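Peer 1: Below are the C-alpha cells for one structure; questions will follow.
What follows is calculated from the coordinates using simple rules that are stated; it is not laboratory data. Model, not experiment: these values are computed from the prediction. Here the Cβ positions follow ideal geometry from the backbone for every residue, glycine too, while neighbour counts run over all protein chains shown.
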Amino acid sequence: MIWSLITSFILNVAFLIYIVVLTNKVKVLRKETAKPSENNDELIALAQEKLKTLGDIKTIKYLRKEKGMSMLDAKQLVDALKKQE
C-alpha cells in the first residue's frame, strides 16, 4: 500500500516537471514565431515581385511554403500590396 502511494507521488512529480518543461518550450517557440524571419522591407519587395510575376494565389502559396507564413498573414500581405498598386 505504501509503495503504491510513493510510486504515485513520484509519477505525479515527474509529470509536473514534464509539463513545466513543455510550457517553457512553448513560450520560447512563440517568441521565435513572433519574430520576422527577415526584414519586413525585404519581404514586401519579394512579395511585390512575386505578385507581378505569379499572381495572387501563387504568391500566397509561395509565402506560405518558402517563408513559413500562415494562410491569413500571406493573404493579408497580398491584399495590402494589391491596394497599394
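Peer 1: Among the listed pairs 25/75; 31/75; 58/82; 50/83; 50/75, which have their C-alpha atoms separated by more than 18 angstrom in this model?
Peer 2: Violating the 18 Å limit, Cα to Cα: 25/75; 31/75.
Peer 1: Based on DSSP H runs of at least 4 residues, each adding -39500 (n - 2.57), what is the mean residue ellipticity at 222 nm of the chain after dividing by all its residues, to the nearest 500 deg cm²/dmol?
Peer 2: Computed mean residue ellipticity for the chain: -29500 deg cm²/dmol.
Peer 1: Follow-up question, since we're still on this one. How tilted is helix 56-67 with respect to the longest principal axis of the chain? Cα atoms for both, answer in degrees (0 to 90, nearest 10).
Peer 2: That works out to roughly 40 degrees.
Peer 1: For 59, 7, what ranking results if the residue with the fewest other Cβ atoms within 10 Å of its Cβ goes first?
Peer 2: 7, 59
Peer 1: Now for a different question. If the elastic network links every pair of Cα atoms under 10 Å, which of 46, 63, 11 fluctuates the most in the Gaussian network model of the chain?
Peer 2: Among 46, 63, 11, the largest GNM mean-square fluctuation belongs to 11.
Peer 1: Sticking with this structure for a sec: So which residue, out of 14, 45, 74, gets the largest mean-square fluctuation from a GNM of the chain using Cα contacts under 10 Å as springs?
Peer 2: 14
Peer 1: Let me ask another. Mind pulling the angle between the C-alpha long axis of helix 71-84 and the longest principal axis of the chain? Nearest 10 degrees, somewhere in 0 to 90.
Peer 2: 20 degrees
Peer 1: Tally Lys/Arg at +1 and Asp/Glu at -1 over every other residue whose Cβ is under 12 Å from the Cβ of residue 25; what's the total?
Peer 2: That works out to +2.
Peer 1: I need 1, 71 ordered by Cβ neighbour count within 10 Å, fewest first.
Peer 2: Fewest-to-most Cβ neighbours within 10 Å comes out as 1, 71.
Peer 1: Which angle between 0 and 90 degrees, to the nearest 10, do you get for helix 2-34 versus the longest principal axis of the chain when only C-alpha atoms count?
Peer 2: Result, in degrees: 20.
Peer 1: Using only the Cα atoms of the chain, each taken as one equal point scatterer with no solvent, compute I(q) by the Debye sum, divide by I(0), and report log10 of the ratio at q = 0.17, 0.22 Å⁻¹.
Peer 2: At q = 0.17, 0.22 Å⁻¹ the computed log10 ratios are -0.74, -0.99.
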